[in-house]
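Since every read-out is calculated from the coordinates, none of them should be taken as a lab result. Please read these numbers as outputs of a predicted model, since none were measured by experiment. Methodologically, a virtual Cβ is constructed for each residue, glycine included, from the backbone with ideal geometry; neighbour enumeration extends over all protein chains shown.
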Amino acid sequence: MTFSPELEARFEKLLRTYPPGRERGAMIPMLMYAQDEVGSVSQELIEEVARRVGVTPLQVQEVISYYSMLHPTPMGKYHVQICTNISCLLWDGDKLWEQACKKLGIGHKEVTPDGRISLEEVECIGACSWAPAIQVNYDFHHFVTPEQLDRLLDSLGKKQ
């Protein structure tokens, strides 16, 4: 599998961070960085990462099945994660989820027909003190109101 020179350099640096025999520690960051570049965690990517960190493809697959941020199918250019765990739920995170589903016409881990926005209901994004919270790609949005959610989704639909 071919990656950009930047990603190859990042992989090399990651693998050097771990002592010999412990390279498997680089597996999750490698999967996340590669997913960002290629769009999803394909079987080809699984095999490549397994080879580089010295484990079997099955061991990589086990990691992927555990971590919800690793996607076997491509998500949208803007991946919107809405927390509905207890802190966000108490501040109407569930209502924000329903609002987003209705507005976008998609559900959990689905993508809009134009491929721009995907939606995911998540258990926790570690922003309990700022509930309700939403994450778009790697950007957090705190104390989100229904009006702010509408503006955010509208802006994502217009972004280049």
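What to note about this one:
- Normalising the average separation of contacting C-alpha pairs (under 8 angstrom, six or more residues apart) by the number of residues puts the relative contact order of the range 1-70 at 30 percent.
- Scanning residues 5 or more positions from residue 75 or on other chains, none has an amide H under 5 Å from its amide H, with H placed 1.01 Å from N in the peptide plane.
- Answer label for Rg and Dmax of the Cα atoms in Å (calculated), chosen among (1) 17.5, 52; (2) 20.6, 66; (3) 15.2, 45: (1)
- Cβ-isolated cysteines (cut-off 4.7 Å), the chain: 101, 124, 128
- Net charge, residue 5 excluded, C-beta distance under 14 Å - Lys, Arg +1, Asp, Glu -1: -2
- Distance between the modelled labels on residue 65 and residue 154, one decimal in nanometres: 4.4 nm (7 Å Cα→Cβ projection).
- Whole-number percent relative contact order across the chain, with pairs defined as alpha carbons under 8 Å at least 6 apart: 18
- Here the range 5-66 is described by how far its Cα atoms reach on the three principal axes: 26, 24, 17 Å, from widest to narrowest.
- Computed E for residue 17/residue 43 - FRET, C-beta separation, R0 35 angstrom, nearest 0.05: 0.85
- Under 5 Å between amide hydrogens, built in the peptide plane, is the criterion, and for residue 83 it picks out 122, 133, 135 among residues at least 5 positions away or on other chains.
- Long pairs among 95/159; 77/159; 13/159; 103/159, criterion Cα-Cα beyond 21 Å: 95/159; 13/159
- Extended-chain gain in nm, criterion 0.36 nm per residue less alpha-carbon gap, residue 7 and residue 145: 46.0 nm
- Given charges at beta-carbon only (K, R positive; D, E negative), |dipole| of the chain in Debye: 260
- Binning all Cα-Cα separations of the range 78-158 at 10 Å, short to long from zero, yields these whole-percent fractions: 21, 59, 19, 1.
- Spin-label pair residue 130/residue 108, simplified geometry with 7 Å Cα→Cβ offset, distance in nm: 2.6
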